[in-house]
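Participant: Sharing a structure with you now.
The values are calculated or read from the model by the stated rules, or taken from the named source; none is laboratory data. Here the structure is a predicted model, which means the values were calculated and not measured. Cβ sites come from the backbone with ideal geometry, for glycine too, and all protein chains shown count toward neighbours. Each accessible area value is taken on the protein alone, full model and side chains, heavy atoms only, with ligands, DNA and RNA left out. Shrake-Rupley method; radii C 1.70, N 1.55, O 1.52, S 1.80 Å.
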Amino acid sequence: MIQQVIGFDSWKNMHLLAINGFNIPLVERQFSVLLSNIAKGEILPKEPIDDSSTKHLKHVLNSMFSEIYLPENTLSAACFLDDLTQIKNIESHHYAIIIDRNNLKQFDVGIIIQTCMDTFQNLTIIVVNSDSSYIQSVIPKSLISNRFYLGEIFSIQGNTYSNVIKYQSGDTRVYNKAFKLDSSTSSHSLAESLPVFIHQAAAPEHFIITHGYHAFSCSSEIESSISNIQNAVIIFTCQSFQEIERVTREVYTFKQKFGESLRILVKEGTPCIRYNDFHMLINAGAQNIIEHYRSDSVIFDQVRLASLTTMDRSNVALTTLESFFQSPLNHIGFQEFNVFMDVTNNVVDKIKHSQLEFALVELIPFSSVSIAEAKSYCTLRRKGDIATTLDGRIVLFFSSLRLYEVSQALSNVFSISTTEIFSQINTLTTHNDILDKLKELSQLSHSTIQAPSPNGLVKKTVLSSNKAVKVDWESI
């Protein structure tokens with residue numbers, strides 16, 4: 001069952017599109033029978049564009065329809081409805097009905113549309129000089145149609161547009177989307193109208209509904225649908241770094257199964273995807289990663305871009321991808337200083353010429369904040385993120401991190417803002433700078449004085465550097 005309702009803002013646009021064979025994106029154009037209450041002399045332009053165009057329009061209409069039924073004089077709504085009831089629906093035929101909103105009352109337009117949609121299985125209704133008064137009464141009919149189209153054709157400053165209010169064909173849905181039309185072209189690219197399956201946490205519900213996307217909560221819900229349609233766009237979401245491995249596995253599995261016909265995007269829910277995770281997801285089969293701070297409109301833009309491009313499946317095993325892009329360190333969390341030094345030196349030296357990047361961060365707290373307190377705010381959860389303490393400072397080593405990611409990584413690692421507890425933060429990302437800092441720290445560890453106190457307790461470490469003091473003005 002194919003049912004379409006197309007509104008034209010003028011006869012001129014209807015004639016121009018008819019001459020071009022109603023070449024409108026998403027519109028089915030294989031017609032059989034033309035019906036109208038409008039007199040045959042009124043269907044053609046009253047003020048012809050030019051003689052050749054009028055002749056061409058007659059030729060197009062004759063070739064487009066095998067049967068054309070038009071009255072000598074324009075019929076009233078009641079008479080036209082009587083004629084419609086006399087026509088027997090033939091399942092193999094596609095009926096086109098042309099009505100003029102200016103010649104009919106609003107109520108009559110609605111009745112004619114409803115009668116036609118109840119009578120004919122395959123139907124296109126063209127409403128010339130249309131308004132939006134009939135739209136709400138038409139939309140419920142889309143629930144029973146295999147293929148349904150509701151749209152409007154209008155002009156703005158000399159350009160003609162097709163506004164798709166609602167379109168659905170199986171799992172393909174397009175809502176509220178405008179296409180710029182060019183009467184000189186013979187076809188329009190419909191690749192950007194692929195079905196879109198989006199994780200319900202990747203975007204707000206109103207955004208998903210507005211664009212006609214299919215929401216899902218787990219990938220198993222959509223696998224059968226994608227198996228049936230093949231060409232589609234999927235948007236997964238990643239809400240934390242603990243989910244990166246699972247999302248990578250899902251991306252890889254779907255891409256291996258469906259190949260280039262399936263376009264995959266990943267929406268970052270919270271800041272958790274580092275550069276090495278980005279490359280791992282891309283190599284697994286994702287066409288792009290949408291950062292957490294991007295607006296919903298960027299999701300729409302990326303869907304459109306992904307729909308117009310393809311990417312083949314990877315020929316590398318998933319385990320190989322994971323090992324290639326994961327951190328070279330198996331350590332995690334706070335380490336003894338000697339262990340920290342050995343591991344960091346070794347990693348920096350071994351991966352300095354690889355695709356992996358790293359960062360060493362030295363954090364010196366305010367004198368009013370003890371190192372134990374500062375350490376209590378720090379939690380390292382990701383493999384390859386290690387830390388140590390030395391001479392009243394915390395030193396962090398991120399074995400897979402780029403400079404622009406350091407600030408966000410610190411926000412994830414510390415439960416409160418680092419500016420609240422640290423007077424100085426030094427970040428090093430180059431091989432030589434890190435080795436020089438490690439050498440400096442090593443020398444510092446040997447010069448640290450820890451003399452025993454009279455009562456047998458260890459005295460507070462003597463710091464080798466002066467530190468700023470965060471002032472509390474209320475206490476002065």
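Participant: I'm checking my understanding of the structure. Among residues of segment 85-110 that are open to solvent by 100 Å² or more (accessible area, probe 1.4 Å) and either in contact with an Asp or Glu (Cβ under 7 Å, 6 or more places away or on another chain) or part of a helix (DSSP H, G or I) (or both), which one is nearest to residue 22 (Cα to Cα)?
Facilitator: Filtering first and then ranking leaves 102.
Participant: Please work out if residue 442 is touching a helix residue (DSSP H, G or I) at 6+ places or on another chain (Cβ under 7 Å), in contact (Cβ under 8 Å) with a residue 40 or more places away in the chain and part of a helix (DSSP H, G or I).
Facilitator: It is true that residue 442 is touching a helix residue (DSSP H, G or I) at 6+ places or on another chain (Cβ under 7 Å), in contact (Cβ under 8 Å) with a residue 40 or more places away in the chain and part of a helix (DSSP H, G or I).
Participant: Only one of these conditions is not met by residue 443: (1) loosely packed, with under 14 Cβ neighbours inside 10 Å; (2) among the polar types (S, T, N, Q); (3) modelled with pLDDT under 90; (4) under 38 Å from the mean Cα position of the chain (by Cα). Which number is it?
Facilitator: Residue 443 satisfies all of (1) loosely packed, with under 14 Cβ neighbours inside 10 Å; (2) among the polar types (S, T, N, Q); (3) modelled with pLDDT under 90; (4) under 38 Å from the mean Cα position of the chain (by Cα) except (4).
Participant: In segment 244-284, what count of residues is obtained for those that are assigned to a strand (DSSP E or B) and either over 23 Å from residue 217 (Cβ atoms) or out of contact with any helix residue (DSSP H, G or I) (no Cβ under 7 Å at 6 or more places or on another chain) (or both)?
Facilitator: So the count comes out to 1.
Participant: For segment 27-39, check the following and say yes or no: at least one residue is part of a helix (DSSP H, G or I) and either at pLDDT 90 or above or open to solvent by less than 40 Å² (accessible area, probe 1.4 Å) (or both).
Facilitator: no
Participant: Now, a different point. Checking residue 198 against (1) under 30 Å from residue 283 (Cβ atoms); (2) at pLDDT 80 or above; (3) surrounded by fewer than 21 Cβ atoms within 10 Å (Cβ to Cβ), which test does it fail?
Facilitator: All conditions pass for residue 198, except number (3).
Participant: Would you be able to say whether some residue in segment 413-424 is touching a residue at least 60 places away in the same chain (Cβ under 8 Å) and either buried (at least 19 other Cβ atoms within 10 Å of the Cβ) or among the aliphatic types (A, V, I, L, M) (or both)?
Facilitator: Scanning segment 413-424, I find no residue that is touching a residue at least 60 places away in the same chain (Cβ under 8 Å) and either buried (at least 19 other Cβ atoms within 10 Å of the Cβ) or among the aliphatic types (A, V, I, L, M) (or both), so the answer is no.
Participant: Now, a different point. Being in contact with a Lys or Arg (Cβ under 8 Å, 6 or more places away or on another chain) and open to solvent by less than 40 Å² (accessible area, probe 1.4 Å) is the requirement here; does residue 235 meet it? So that I can check it myself, show each step before the final result.
Facilitator: Details: in contact with a Lys or Arg (Cβ under 8 Å, 6 or more places away or on another chain): yes; open to solvent by less than 40 Å² (accessible area, probe 1.4 Å): yes.
Spelling it out, residue 235 is indeed in contact with a Lys or Arg (Cβ under 8 Å, 6 or more places away or on another chain) and open to solvent by less than 40 Å² (accessible area, probe 1.4 Å).
Participant: Now for a different question. In segment 334-343, is there at least one residue being at pLDDT 90 or above and in contact with a Cys (Cβ under 9 Å, 6 or more places away or on another chain)?
Facilitator: yes
Participant: Next up: Anything in segment 279-317 that is open to solvent by 30 Å² or more (accessible area, probe 1.4 Å) and over 16 Å from the mean Cα position of the chain (by Cα)? List them, or say none.
Facilitator: Of everything in segment 279-317, those that are open to solvent by 30 Å² or more (accessible area, probe 1.4 Å) and over 16 Å from the mean Cα position of the chain (by Cα) turn out to be 279, 283, 311, 312, 313, 315, 316, 317.
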